[in-house]
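Down below is the structure, laid out as structure tokens.
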Amino acid sequence: MASAQSVKTRIERLTDDPEIPDDVSHKMREAVDELGGEGELSVRANSAASILQEIGNDPNISQHMRTEVWNLASKVENLEG
């Protein structure tokens, strides 16, 4: 199972991808901030997963990137504290 840190690192790498529009990159950083915040991991993971699902539905990203984002959202949903 993935750790919160490993998922954060993968999301951060995606934010640097030139294929990602700036507004999507900003939302990805919000997801990283949620995961790194304080409080119960399950609550933070739920918030981050919600942001990632929103990104996955953005029509401005490629199908490949959409698949990556949905994969990360799934990993975030499965994080345990």
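The values are calculated or read from the model by the stated rules, or taken from the named source; none is laboratory data. Predicted model only: the values in this text are computed from it and were never measured. Cβ placement follows ideal geometry from the backbone for every residue including glycine, while neighbour counts extend to all protein chains displayed.
For the stretch 38-81, give me each residue that is at negative phi, surrounded by fewer than 13 Cβ atoms within 10 Å (Cβ to Cβ) and not in a helix (DSSP H, G or I). Once the filter is applied, which keeps residues that are at negative phi, surrounded by fewer than 13 Cβ atoms within 10 Å (Cβ to Cβ) and not in a helix (DSSP H, G or I), the stretch 38-81 yields GLU38, GLU40, ASN57, PRO59, ASN60, SER62, ASN78, GLU80, GLY81.
Selection of the stretch 13-37 for residues being in a helix (DSSP H, G or I) and either of a type in the set (Val, Ile, Thr) or closer than 15 Å to ALA73 by Cβ (or both) yields LEU14, THR15, VAL24, LYS27, MET28, GLU30, ALA31, VAL32, GLU34, LEU35.
Between GLY81, GLY39, which is over 14 Å from the mean Cα position of the chain (by Cα) and at pLDDT 90 or above? That would be GLY39, the only listed residue that is over 14 Å from the mean Cα position of the chain (by Cα) and at pLDDT 90 or above.
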